[in-house]
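First up is the structure itself, then whatever we jot down about it.
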C-alpha cells in the first residue's frame, strides 16, 4: 500500500474530536498516511476574514484528499459582529467555507449513504401486519448535486438595476412581485447546468448498475419547478433510454418522498437530487438509521481526483466545551471508510465496517444518542460511552 498524504480539516467544535478518533481507527486498521492539518472554520473568519484561507486551498490542490470534521456557520449579522475589530468595515463577507471549497474544486458529486446497522436501537421501526414490530432494512445511496441549485450563492437583497430589470422582464415576476419596494426584495436563484446535472445523474446510474439495482429515483419537483427539476428528470430519462435500458427512472416529488421514506424506505436504493432537495432527503433518511451520528458523505471531482470526506453533522459547539467528549464518532469513522473505498482500499474499508457493525450489534458500548439520553455532560456517569470509548471499542474489534 502506498503511503499517502491526507489533509485533515478539523474545523470547529466537535469536528476536532471526532476527526482525531477516526484517525486512530485508520491507524489501527493499518492505513499508512501522513496527515497535514489545514486551517478552516470560524476561528479563521474571526481573525483573518477568511474561513477558508488560500494556504488551505493550496494544500487540497497538492494532496487531493481530505478528511473534514465540521464547521460553524452563523447568520449574516453575527458573522459581521464577531469579525476582529481591525477587520470590520473593510468589505469582508462571510461565505460558507465548505460550499466555497465545493465550488472551487468542482466537488459536484456528493454521495450520502444511509444503511441500517443491525442492533442499533435508533433504527426505524413500524407496525407490522400482525400487530407486532417490523424493522425494514434500509440501504440507500443519495446522490446530491453539490455545487449548483439553491446553494450556488447567486443572491441579492435590494437588487441593482440590471438584475431588477431582468427580473421584471419575466411576466410572472412582473405580475406577482412588482408591488414590492426594491429595498424589501430578496432573491435567491436556483441554477442547474446540463453538464453537472448529467454528471450527478450518471454517477447514480453507474452506482445502481454496479450494485445490481433496477431503478434510480429522481427526487425533485418537476411539476412546479419545471425548468431545473425538469432538466434533471429529462436527463435521467434520456440516459435510461440510451445508456442504461436495464435501469428505469422513478419520479418522486421531494414532499411525497418525505412521506414515503417513513412508510416503505426499503423500496429505495438510489436517489438523485439537486443540492437542497438532496440535503433534505439525506437528513431524512439518516433519521431512519440512527440520526446524524451515523450520517456520512463523500464529495469529489471525478476529473481532478480531489475528494473530501465528512460526516454531515454540524460542529455542536455546546458539546465541544464538555470536559469529556460524549459525541458519537461513528459518522466520522464511516466517512473515513468512504475515503478508503475511494482509494480502492476495499479490504481495509470492509474490516472497519465490520468492526463498527459488531460494536453496534453487541450493544455493550453505546454513545449517549444510542441510549436515547439528552446530551448532558453527565451521561458518561450514567453509562454512556464517551467519544474515545466508542472508538476504543471499534479498535478492539479490529
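Rule-based calculations on the coordinates, nothing more; no lab input. Being a predicted model, the structure only gives us computed values, none of them experimental. Heads up, the Cβs are rebuilt from the backbone with ideal geometry, glycines too, and the neighbour counts pull from every protein chain shown.
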For this session: Answer rounded, prolate or oblate for the stretch 162-251, using the Cα gyration tensor with square roots of eigenvalues a ≥ b ≥ c: rounded when a/c is under 1.5, else prolate when a/b is larger than b/c, else oblate.
Result: prolate
Problem set entry | Kirkwood estimate for the chain, i.e. one over the average of 1/r between Cα atoms, Å | 22.6
Exercise. Pulled fully out, how much extra length does the chain show between residue 264 and residue 362, if you take 0.36 nm times their separation in residues and subtract their Cα-Cα distance?
Worked result: 32.6 nm
Problem set entry | Residues 122, 52 arranged by fewest to most Cβ contacts within 10 Å | 122, 52
Exercise. Among 79, 193, 93, which comes first, second and so on when ranked by fewest other beta-carbon atoms within 10 Å?
Worked result: 93, 193, 79
Problem set entry | Normalised alpha carbon radius of gyration of the stretch 191-329 [divisor 2.2 N^0.38 Å] | 1.17
For this session: Between residue 388 and residue 241, with labels modelled 7 Å along Cα→Cβ, what's the label distance in nm to one decimal, could you check?
Result: 6.1
Problem set entry | Euclidean distance between Cα centres, the stretch 41-118 to the stretch 314-361, Å | 21
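Which order do 326, 200 fall in if you start with the one that has the fewest other Cβ atoms within 10 Å? Write down the numbers at each step before the final one.
Values: 326 24, 200 27.
Least crowded to most crowded, the residues run 326, 200.
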